[in-house]
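Structure first, then comments.
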Amino acid sequence: RTDALIMRLVDLQLSFPAILVALMILAVLGKGVMNVVLALVVVEWATYTRIVRATALVERRREYMEAAECLALPRHRILFRHLLPNCMPPLIVIFTQRIARAITLEATLSFLGLGVPITSPSLGLLIANGYQYMLSGNYWISFYPGVALLLAIMSINLVGDQLRDVLNPRLQR
């Protein structure tokens, strides 16, 4: 029952666009770094929950898990020595993709003026500050923060792919 209740809550959360949920939270709570962090956590928790559950359900049906249960190993040993290490590679990739998505969402919220305060550094604020000068020949005011945002997101995704390959127990010999 608990699993069904949590998964229906996850389905409800995922039925709304992330930017809409974040905008609603920030409209109610106001600007601020902690409010932006809270909005990002509320937006992202459902994806992690669904991925963890799906990966654990797949791994639970594998032969090595049945063998560990037949050996009457303690439940905590099965969880931490067999299930968790084999669930980590997809979680690492999802984590890095979601970190990149969270950075993009924060930059979007800051660009719209609902993110962090003006006194805090944000690529979205830098892009927004230069937006009015785009057609006057000073495109570089927004261009370089945009390129920095793009490079940050690409590098995070590449690191995530490399970590998946390094930490995948099926690829180790």
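What are the ³J(HN,Hα) values, in whole Hz, obtained from phi via the Karplus relation 6.51 cos²θ - 1.76 cosθ + 1.60 with θ = phi - 60°, for each residue of the stretch 63-78 in sequence order, with x given for Gly and Pro?
5, 5, 6, 5, 5, 5, 5, 5, 6, 6, 5, x, 4, 5, 5, 4
Mind pulling the angle between the C-alpha long axis of helix 18-29 and the longest principal axis of the chain? Nearest 10 degrees, somewhere in 0 to 90.
The angle comes out at about 70 degrees.
Could you check the simple spin-label distance between Tyr133 and Leu12, using points 7 Å along Cα→Cβ, in nm with one decimal?
For Tyr133 paired with Leu12, the spin-label model returns 4.7 nm.
Please express the shape of the chain as an equivalent ellipsoid: the semi-axes are the square roots of 5 times the eigenvalues of the C-alpha gyration tensor, given largest first in whole angstrom.
40, 21, 11
What does the extension gain come out to for Arg75 and Leu23, with contour length at 0.36 nm per residue minus their alpha carbon separation?
14.5 nm
Putting +1 on Lys and Arg Cβ atoms and -1 on Asp and Glu Cβ atoms, find which of Thr119, Val21, Ala46 reaches farthest to the positive end of the dipole of the stretch 16-173.
Sorting the options by dipole projection puts first Ala46.
Before rounding to the nearest 500, sum -39500 (n - 2.57) across all DSSP H runs of length at least 4 in the chain and divide by the residue total; then give [θ] at 222 nm in deg cm²/dmol.
-25000 deg cm²/dmol
All of the numbers you see were taken from the coordinates with simple rules; none came from a lab. Here the structure is a predicted model, which means the values were calculated and not measured. In this analysis, Cβ positions are derived from the backbone assuming ideal geometry, glycine residues included, and neighbour counts consider all displayed protein chains.
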